[in-house]
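**Student:** Just passing along the structure, written as structure tokens.
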Amino acid sequence: MAMKMSEIQNSNVGEDARITGNFSSQGRVVFSGQIDGDLECEIIQFTISAVVNGNIKAKEVSLEGSATGKIVANQIHISDAAKFRGEIFCEGLSIEDGADVDAKFNMGAKRNG
């Protein structure tokens, strides 16, 4: 059963967190740490201190930190402070001036995993 937006739980992963392996959450996540693995969340915000080496799958992704891998999402926002290398599969995308992005884009098509 799908959760209503008001029922979605918030989680925070701090700057001192180092994860080796996959991470998943059914709610909103603010991620400030480092991960070597894949992430799957409803909504995820990567702060400027975040470092991701793996794939990201979510409905909404906001990236301020550094990520290498594949992002699959409905909506993606990449800030001017962000660095991204990899592939992007999405329906909607915004990239701020100054963002460091080297990616292959596939817009408007959904792709599993």
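The values are calculated or read from the model by the stated rules, or taken from the named source; none is laboratory data. Just so you know, these numbers come straight off a predicted model, no measurement behind them. Neighbour counts are summed over all protein chains in view; Cβ atoms, including those assigned to glycine, are modelled from backbone coordinates with ideal geometry.
**Student:** Evaluate the stretch 24-41: report whether one residue or more is charged (D, E, K, R) and over 18 Å from residue 10 (Cβ atoms).
**Tutor:** Checking the stretch 24-41: at least one residue is charged (D, E, K, R) and over 18 Å from residue 10 (Cβ atoms).
**Student:** Something else now. Just to be sure before I move on: is residue 86 of a type outside the set (A, V, I, L, M), in contact with a Gly (Cβ under 6 Å, 6 or more places away or on another chain), assigned to a strand (DSSP E or B) and under 22 Å from residue 11 (Cβ atoms) in the structure I sent?
**Tutor:** No.
**Student:** Kindly list, by first and then second residue, each pair from a residue in the stretch 12-25 that is on the phi > 0 side of the Ramachandran plot to a residue that is surrounded by 11 or more Cβ atoms within 10 Å (Cβ to Cβ), limited to pairs with Cβ atoms under 8 Å and residues at least 6 apart or on different chains.
**Tutor:** Listed by first residue and then by second, the contacts come to 21/36; 21/37.
**Student:** Let me ask something else. Out of curiosity, is residue 64 charged (D, E, K, R) and within 16 Å of residue 11 (Cα to Cα)?
**Tutor:** Judged against the criteria, residue 64 is not a match.
**Student:** When residues of the stretch 17-42 are filtered for being farther than 15 Å from residue 71 by Cβ, touching a Gly at 6+ places or on another chain (Cβ under 7 Å) and crowded, with 18+ Cβ neighbours inside 10 Å, how many remain?
**Tutor:** 2
**Student:** Could you check the stretch 1-69 for strands (runs of 3 or more DSSP E) lying wholly inside it with 3 or more residues that are under 20 Å from residue 89 (Cα atoms) and modelled with pLDDT of 95 or more?
**Tutor:** Answer list for the stretch 1-69: 43-46, 51-53, 56-63.
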